[in-house]
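Asks: One structure follows; several queries about it will come next.
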Amino acid sequence: RRNTPELRDNGVRSIRVAPDGALVIGTSRGGVSVMRDGAWRTYGKQQGLEQDEVMDAVLDKRGRLWVATESAGLTRIDPTGPHQHFEDDNGLPTNITFGLLRDRDDSIWVATAAGLVHFVEGRAPRTYDAKDGLPAAPVFRVVQMNDGALYVGTERGAYRRVGERFELVSPQLPVDGV
């Protein structure tokens, strides 16, 4: 912790800039820390996370902190209301999460060990998996291009969203353990 004393752990797994300019840092054993206007605030188990092992974290435009954990699902910390926790019995296909994307429409995509989950305000979470064109394999990352196109990195190749389905980016890429 000599590097950045404000962090509870120097194992940084994710680092992002929020829509309001805040710096959001997810750590391997110290929860997630947010630096806004030079002041740090750290969220861990005592502040509502189910687990301090964070894989990724993003702030949405409403100021809600979405935290993907190593094996305890997803937590949404709302600064004006109750926290909400999502796991395999209320919105996620598994408790193992890898990455997050705040879509340009402010919805949230969650990469999990059992597919990709889309959280849209006012709707139930939707899981995309083999029935939607993704392989029956973990989804590690999801990114959005400037034109809005969504690309997904899985254990079995790269896929892009076409309508409500996903297609392999290129048959030239290996599909057996990228």
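The values are calculated or read from the model by the stated rules, or taken from the named source; none is laboratory data. Nothing here was measured: the structure is a model prediction, and the numbers come from that model. Don't worry about glycine lacking a Cβ; one is built from the backbone with ideal geometry, like all the others, and counts go over all protein chains shown. When the accessible area is computed, the model is the full protein with side chains, heavy atoms only, and any ligands, DNA or RNA have been set aside. Shrake-Rupley method; radii C 1.70, N 1.55, O 1.52, S 1.80 Å.
Asks: Applying the selection to region 23-51, what residues are open to solvent by less than 40 Å² (accessible area, probe 1.4 Å) and either of a type in the set (Gly, Ala, Ser) or not in a strand (DSSP E or B) (or both)?
Replies: The answer is Gly26, Ser28, Gly30, Gly31, Ser33, Gly44, Gly48, Leu49, Gln51.
Asks: Provide a single number: the residues in region 135-157 that are crowded, with 18+ Cβ neighbours inside 10 Å, among the aliphatic types (A, V, I, L, M) and touching a Leu at 6+ places or on another chain (Cβ under 9 Å).
Replies: Number of matching residues: 4.
Asks: A follow-up question, please. Pull out all pairs, ordered by first then second residue, where Cβ-Cβ is under 6 Å, the residues are six or more apart or on different chains, the first lies in region 81-110 and is at positive phi, and the second is of a type in the set (D, E, K, R).
Replies: Here the result reads Asp106/Asp60; Asp106/Lys61, each pair linking region 81-110 to a residue that is of a type in the set (D, E, K, R).
Asks: Then there's this: Are there any pairs with C-beta distances below 6 angstrom linking a residue in region 124-152 that is farther than 18 Å from Asp105 by Cα to a residue that is modelled with pLDDT under 95 and aromatic (Phe, Trp, Tyr), with the two at least 6 apart or on different chains, and if so which?
Replies: Here the result reads none, with nothing in region 124-152 linked to a residue that is modelled with pLDDT under 95 and aromatic (Phe, Trp, Tyr).
Asks: Among the candidates Val67, Val54, Val34, single out the residue that is over 17 Å from Asn90 (Cβ atoms), in contact with a Gly (Cβ under 8 Å, 6 or more places away or on another chain) and of a type in the set (A, V, I, L, M, F, W, C).
Replies: Of the residues listed, the single one that is over 17 Å from Asn90 (Cβ atoms), in contact with a Gly (Cβ under 8 Å, 6 or more places away or on another chain) and of a type in the set (A, V, I, L, M, F, W, C) is Val54.
Asks: While we're here: If only one of Ala130, Ala158, Ala114 is among the aliphatic types (A, V, I, L, M) and closer than 17 Å to Asp88 by Cα, which one is it?
Replies: The unique qualifying residue is Ala114.
Asks: For region 124-134, give me the residue count where each residue is open to solvent by 40 Å² or more (accessible area, probe 1.4 Å) and either on the phi > 0 side of the Ramachandran plot or of a type in the set (Gly, Ala, Ser) (or both).
Replies: Looking only at that region, the number is 2.
Asks: I would also like to ask the following. For region 94-111, enumerate the residues that are of a type outside the set (Val, Ile, Thr) and closer than 17 Å to Asp56 by Cβ.
Replies: Asn95, Phe98, Gly99, Leu100, Leu101, Arg102, Asp103, Asp106, Ser107, Trp109, Ala111
Asks: Here is a check on your reading of the model: is Gly11 open to solvent by 20 Å² or more (accessible area, probe 1.4 Å) and free of Cβ contacts under 8 Å to residues at least 60 places away in the same chain?
Replies: yes
Asks: Just checking, which of Asp89, Asp20 is at pLDDT 95 or above and outside any strand (DSSP E or B)?
Replies: After applying the criteria, what remains is Asp89.
Asks: Could we say that Val67 is in contact with an Asp or Glu (Cβ under 9 Å, 6 or more places away or on another chain), β-branched (Val, Ile, Thr) and buried (at least 23 other Cβ atoms within 10 Å of the Cβ) here?
Replies: Judged against the criteria, Val67 is a match.
Asks: If you don't mind, another one. Quick check: anything in region 112-123 open to solvent by 40 Å² or more (accessible area, probe 1.4 Å), aromatic (Phe, Trp, Tyr), outside any loop (DSSP other than H, G, I, E, B) and at pLDDT 95 or above?
Replies: No, there is no match, as no residue in region 112-123 is open to solvent by 40 Å² or more (accessible area, probe 1.4 Å), aromatic (Phe, Trp, Tyr), outside any loop (DSSP other than H, G, I, E, B) and at pLDDT 95 or above.
Asks: Could I ask something else about it? Being of a type outside the set (Gly, Ala, Ser), within 16 Å of Ile77 (Cα to Cα) and touching a residue at least 40 places away in the same chain (Cβ under 8 Å) narrows it down to one of Val24, Val34, so name that one. First the steps, then the outcome.
Replies: Details: Val34 fails: touching a residue at least 40 places away in the same chain (Cβ under 8 Å).
Every option except Val24 fails the conditions.
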